[in-house]
Amino acid sequence: MSVVSKKEFNEKIFSNIYNIINEYNLIEKGEKIAIALSGGKDSVLTLHALNNYNEFLDFDLIAISVDEGIDNYRNYGIETAIQNAKELDIKIIQKSFKEEYDFNLDDVYSNFKSACIPCGVFRRNILNKTAYELNVDKLATGHNLDDEIQSFLMSFARGDVLKFSKFGPKLDMIHPKLVPRIKPLWNTLEKDVGMWAVLNDINIHLEECPYSYLSLRAKIKEFLNINEDKYPGLKKNIMESFKKSLKVDLENPPVLKNCDLCGEPTSSNICKTCEILDLISISRS
Ligand code: SF4
């Protein structure tokens, strides 16, 4: 690909991201935005895109990395996250499961059908608590269009329609301790994220998580990729259907309360983090 094509590609991918930021008013002047930075291609593009967007709007950026404790995997991602943050002169706060819960994901994953269940719950808990303590206005994640469709189909397959309210490029404040989330890559295809990283020779962590193959998400991802090749436009069509159902659901946002045990926001009396921690402590006693 010529230099001009690379320039055009970069302009296209960044303007796509900026359009989502503008259309959904994801960031406002003077805000403090935290980025969940794993070192993977999506979070690294989010970091670069928001850093570039600072040209048009004045706001503060900080990064948060979470080490789940996956041996021979996440340590490389964290290294990449630190290098990217350093290169862009963005402060990074490092957190870990070990420091927060006194175990690594590797120590407890076998108690669950999929390692992704405790991993996702604990990571979201740490990210939200850290963002809240840092007093940021919003937490940006690297969810791309493929991730969003996968999550949508997973909730659909599980009959968990309550989760639909978590979709969309922006999750507004629905509890005083829940930091609003934004997804600047909401409209960006995963293959374009990969292309951006390759074309620009960006330092990203490329390895697949050793636990990912067990997840429902991995199976849905494979199904979508195979069928997108056979029926081009399938992903965008699912996204369009999804946007229609999103409109309906946003009229009834969920009501959150405080967890009886830790006080964090939850839709039940006990939050998922405490529920899973209890399960782990029983299995380890
Ligand atoms: Fe965690 Fe699953 Fe992602 Fe691995 S694939 S980092 S276990 S959520």
Do we find that G69 is in a helix (DSSP H, G or I), surrounded by 17 or more Cβ atoms within 10 Å (Cβ to Cβ) and of a type in the set (G, A, S) in this structure? no
Would you check if there is a residue in segment 214-225 being free of Cβ contacts under 8 Å to residues at least 12 places away in the same chain, under 17 Å from the mean Cα position of the chain (by Cα) and either more than 16 Å from the ligand (Cβ to nearest atom) or under 25 Å from I126 (Cα atoms) (or both)? yes
Can you find, within segment 100-111, the residue that is farthest from the ligand (Cβ to nearest atom) among those that are in contact (Cβ under 8 Å) with a residue 24 or more places away in the chain and part of a loop (DSSP other than H, G, I, E, B)? F103
Would you mind telling me which numbered condition in (1) in contact (Cβ under 8 Å) with a residue 24 or more places away in the chain; (2) more than 16 Å from the ligand (Cβ to nearest atom); (3) part of a helix (DSSP H, G or I) L61 fails? (3)
Considering only residues that are within 16 Å of the ligand (Cβ to nearest atom) and outside any helix (DSSP H, G or I), which ones fall in segment 184-213? I204, H205, L206, E207, E208, C209, P210, Y211
Which pairs turn up if I take residues in segment 199-210 that are over 16 Å from T46 (Cα atoms) and look for partners that are of a type in the set (V, I, T) and within 16 Å of the ligand (Cβ to nearest atom) with beta carbon separation below 7 Å, at least 6 apart in sequence or on another chain? C209/I70; P210/I70
The residue that is surrounded by the fewest Cβ atoms within 10 Å (Cβ to Cβ), considering only those in segment 75-90 that are within 16 Å of the ligand (Cβ to nearest atom) and β-branched (V, I, T), is I78
Do we have any residue at all in segment 237-245 that's in contact (Cβ under 8 Å) with a residue 40 or more places away in the chain and part of a loop (DSSP other than H, G, I, E, B)? no
Between a residue in segment 114-136 that is in a helix (DSSP H, G or I) and any residue that is among the hydroxyl-bearing types (S, T, Y) and away from the ligand (no atom under 13 Å from the Cβ), which pairs come within a Cβ distance under 6 Å, given they are 6 or more apart or on different chains? V121/T273; N125/T273
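So that you can scan it fast, the table gives a plain yes or no per residue for (1) over 30 Å from F103 (Cβ atoms); (2) surrounded by fewer than 17 Cβ atoms within 10 Å (Cβ to Cβ); (3) modelled with pLDDT of 95 or more:
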residue	(1), (2), (3)
I17	yes, no, yes
A34	no, no, yes
L37	no, no, yes
A49	yes, no, yes
N52	yes, yes, yes
I92	no, no, yes
Working only within segment 78-97, note down all residues that are farther than 21 Å from I33 by Cα and in contact with a helix residue (DSSP H, G or I) (Cβ under 9 Å, 6 or more places away or on another chain). F97
Applying the selection to segment 159-175, what residues are more than 19 Å from Y18 (Cβ to Cβ) and touching a residue at least 40 places away in the same chain (Cβ under 8 Å)? V161, L162, F164, S165, F167, D172, I174, H175
Looking across segment 113-131 at residues that are touching a Ser or Thr at 6+ places or on another chain (Cβ under 7 Å) and not hydroxyl-bearing (S, T, Y), the single one that is farthest from the ligand (Cβ to nearest atom) is N125
Considering (1) polar (S, T, N, Q); (2) in a loop (DSSP other than H, G, I, E, B); (3) without any contact (Cβ under 8 Å) to a residue 60 or more places away in the chain, say which one N25 fails and leave the rest. (3)
Among I93, I21, which is more than 14 Å from the ligand (Cβ to nearest atom), farther than 17 Å from D192 by Cα, touching a strand residue (DSSP E or B) at 6+ places or on another chain (Cβ under 7 Å) and not small (G, A, S)? I93
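The values are calculated or read from the model by the stated rules, or taken from the named source; none is laboratory data. Note that the structure is predicted; figures quoted are calculated from it, not measured. Cβ sites come from the backbone with ideal geometry, for glycine too, and all protein chains shown count toward neighbours.
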